[in-house]
Amino acid sequence: MGPAKIVRMVATAAAVVFAFWTTFEYATLLMVILGLGIGYFVEAERRTLYLVTAIALVGAASGLDAIPMVGEYITAIFGNVSTIINAGALVVIGTGIYEKVME
């Protein structure tokens, strides 16, 4: 198990835990740091898929509130995943720009 898989597992666990533990004031900061780590490990051939996923999660994260009883929690989890993925997207975009400039 490599570092990329460990970071992804910790980020997934953080997204779920912080959906229920809403009083932790550094939750967003920790998720952004984990997202930056995930973005660092995205392979070059998967960058486009990663960016499309980031865009799709922004819209999909808020649309699940209507589900009775669990919609609030599912929305919080997907919102946290969206935060993590969007932070990683910054690294993916930065890496793409860096590679284009250095050609």
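Only Lys, Arg, Asp and Glu carry charge here, each on its Cβ (+1 for the first two, -1 for the last two); on that basis region 1-100 has a dipole of about 260 debye about its Cα centre.
With r as the distance between the Cβ atoms of VAL101 and GLU45 and R0 = 22 Å, compute the FRET efficiency 1/(1 + (r/R0)^6) and round to 0.05. After rounding, the FRET efficiency stands at 0.65. Taking the longest Cα principal axis of the chain as reference, the axis of helix 47-60 is set at about 20 degrees. Spacing of the modelled spin labels on VAL70 and VAL58, each 7 Å from Cα toward Cβ, amounts to 2.8 nm.
With angles folded into 0 to 90 degrees, how steeply does helix 27-40 sit against the dominant principal axis of the chain? Use alpha carbons for both and round to 10. The angle comes out at about 30 degrees. Axis angle, to the nearest 10 degrees, between helix 3-20 and the longest C-alpha principal axis of the chain: 30 degrees. Each listed q (0.17, 0.23 Å⁻¹) maps to a log10 I(q)/I(0) for region 30-78 from the Debye sum over equal C-alpha point scatterers, namely -0.64, -0.88.
All of the numbers you see were taken from the coordinates with simple rules; none came from a lab. The shown structure was predicted, so the numbers you read here are calculated from the model rather than taken from an experiment. Neighbour counts are summed over all protein chains in view; Cβ atoms, including those assigned to glycine, are modelled from backbone coordinates with ideal geometry.
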